[in-house]
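Right, one structure below, let's go through it.
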Amino acid sequence: PQPYRTTEHTSETPSTSNAPKEDAEMGNVGSSQPKNKTGKKVVTQKIETAQKTNVLSLTEHSLEEIPEHVFKLSSLRTLDLSKNKIQSLGNISQLSQLKSLNCDDNRLNIVALEPISKLSKLQTLSLGKNRLHGTGGGMGDKKPNQQQPHKQQTQNANVATPSFPYLPETIKQLKIHGNALPSIPRQICSVKLCRLEKLDLSDNNIAAVPSEISNLVSLTELNLDQNSLVSLPPQLGQLKKLKTLSLRRNHIRV
């Protein structure tokens, strides 16, 4: 049999001398990041394109953090970070022109949301399927267990529970579904959110709707599906613009 021979390819391959530096700048996505036909990494090309379109989608890239180059897109208006492994929003407050932010299906907790309050032009915010269930300052939170020893209750009281941050007054659409929230954070029912039109609180553990819901005077859609509600406050009737109220899979009896 003839000996196996290898053929040499004469086509030039791109230099990889700068690869480690590029990976560090583009976030913790690793060398396995998918590449397109031009040989450039997908995330890198998307960020370059966003410089022209002001729209950036980084959904499903297994990102553990937001690439630093994203924060340099000062004119960015739409950012989709859904379906990643992000735990921090970093310097997202630098995106002063941002109007739409999708952070669904990540690993964000309450503390990580703080920079959002500085996005003064934000209109659409989606935080579904994160880790926001440890909220403090909720309306309808359960009282301390009376059977607990007094010393234990005192220790619990001294532990500061992070509060849901106040959101930009410009918010019109807000989604916080699938976070196992035990109650509706009072910051969401703030009179400052008088422009809020659509609110999705479905798939949580909410047991009561606070009377302060009447502060949301522009609300047209309210989704409370899959919660633990047994009744509704009469203040809901004060929402003159409310057209859609969804209450499926609760415990309300008429």
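The values are calculated or read from the model by the stated rules, or taken from the named source; none is laboratory data. Predicted model only: the values in this text are computed from it and were never measured. Note that each Cβ is placed from the backbone with ideal geometry, even for glycine, and that neighbours are counted across all protein chains shown. Heads up: the accessible areas ignore ligands, DNA and RNA and are worked out on the full protein's heavy atoms, side chains in. Shrake-Rupley method; radii C 1.70, N 1.55, O 1.52, S 1.80 Å.
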Point to revise | Heavy-atom surface of region 167-229, accessible at 1.4 Å and reported per residue (Å²) | key: 35 Å²
Review point. Using a simple charge model, +1 on the beta-carbon of Lys and Arg, -1 on the beta-carbon of Asp and Glu, nothing else, what dipole does region 180-237 show about its Cα centre, in debye to the nearest 20?
Key: 260 debye
Revision key, fill the gap. Links exceeding 32 Å between C-alpha atoms in this model, out of K118/K243; K52/K192; K52/K85; K52/K241; K52/K175, come to K52/K192; K52/K241
